[in-house]
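What follows is one structure encoded as structure tokens, with my remarks underneath.
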Amino acid sequence: MLFEEERKLRIAEYVHKQGRASVQELANHFQVSESTVRRDLRDLEDQRQLQRTHGGAVARMHDDNIEPSFVEKEILFQQQKLAIARAALSLIGEGDTILLDSGTTTYYLAKLLKGFRRLTVVTNSVMVGQELANEKNIELLLTGGTIRPETLAMVGPLAERAIGDICVDKLFLATNGFDLEAGLTTPNLTEAATKNRMIRSARQVILLADQSKFGQISFSRFGGSADITTLITDSQVSPATLRVFEEAGIHVTVAENGGHTQ
């Protein structure tokens, strides 16, 4: 039996993945009453996580060029994002210098870094900065820059200048969309420029992308498949899709809830 908030998260994920679902379908899938499902759908619609219809709900469609808020994105695919973060953690060694992009999955990764004895973390994420601010064994550097309310990222000329003055071992990169032809994209031009500067300042670029990012194309391109060293994604992405990226020369790691596979 799921707790109420966990059930709502699962319902939002289910509707997002399927595109639409009826009240009866959700009641059967989650083994609760239809009245409970209707109440959950009403709450999720109030949170702008989906749109109710007569007899069910459909996924709430975001304009690809409008940035959902950090809170809106964090609620989706939480189990997959945590699995991806755990797989990413295995790539970090003592003494590494790493750059954490602003994103919900990189935020989950930041939460896992507290066991290191010596680590340097550079970030443009307000959320990551808050998470690691009191960790004595982590040397934390914030890029500075203009804060975007939607993503809580520090971007712009100040951030780019700071990033341009460093060279890190590994960048853990976030994206709104990843398409083999269109590349890596995000809705905001300024944020795209900051992400591109990150790519050029890292020896290895590790993309953290859950199932919802594939085939999505936003307004601003900031990189392509040739820029990516490693892709870490979740097990819901089709093997055919992953093969396409492997054939493009990207090392692919699939994160499972209990571990990860190469």
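State whether the range 82-200 is rounded, prolate or oblate according to the following rule on the C-alpha gyration tensor (a ≥ b ≥ c being the square roots of its eigenvalues): a/c under 1.5 gives rounded; otherwise a/b larger than b/c gives prolate, and the remaining case gives oblate.
Since a/c reaches 1.5 and a/b is larger than b/c, the shape of the range 82-200 is classed as prolate.
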### Query
Using alpha carbons only, how many degrees (0 to 90, rounded to 10) separate the axis of helix 4-18 from the longest principal axis of the chain?
90
### Query
Each residue of the range 139-153 in turn: what ³J(HN,Hα) in whole Hz from Karplus with 6.51, -1.76, 1.60 and θ = phi - 60°, glycine and Pro shown as x?
7, 9, 10, 9, 6, x, x, 7, 7, 8, x, 5, 10, 6, 9
### Task
Could you pull out the trypsin sites (Lys or Arg not before Pro) across the range 8-57 that fall in loop regions by DSSP (anything but H, G, I, E, B) with no more than 15 other Cβ atoms inside 10 Å?
R48
### Query
When only Cα pairs under 8 Å and 6 or more residues apart are kept, what is the percent relative contact order across the range 70-261?
21
### Message
On a 23 Å Cα-Cα criterion, which of the cross-link pairs K136/K195; K114/K170; K81/K111 come out too long?
### Response
K136/K195
### Query
So in the range 198-262, what percent of DSSP beta bridges are antiparallel if you round to the nearest 5?
25
#### Entry: Gain in span if fully extended, K111 to I217, counting 0.36 nm per residue against the direct Cα distance
35.3 nm
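Suppose we take every Cα in the chain and form the convex hull; what volume per residue is that in Å³?
In the chain, the Cα convex hull volume per residue is 128 Å³.
Computed from the coordinates by the stated procedures, all read-outs in this text should not be read as laboratory data. Keep in mind that what you see is a predicted model, and the values were worked out from it rather than measured. No Cβ is skipped: glycine too gets one built from the backbone with ideal geometry, and neighbour counts run over all protein chains shown.
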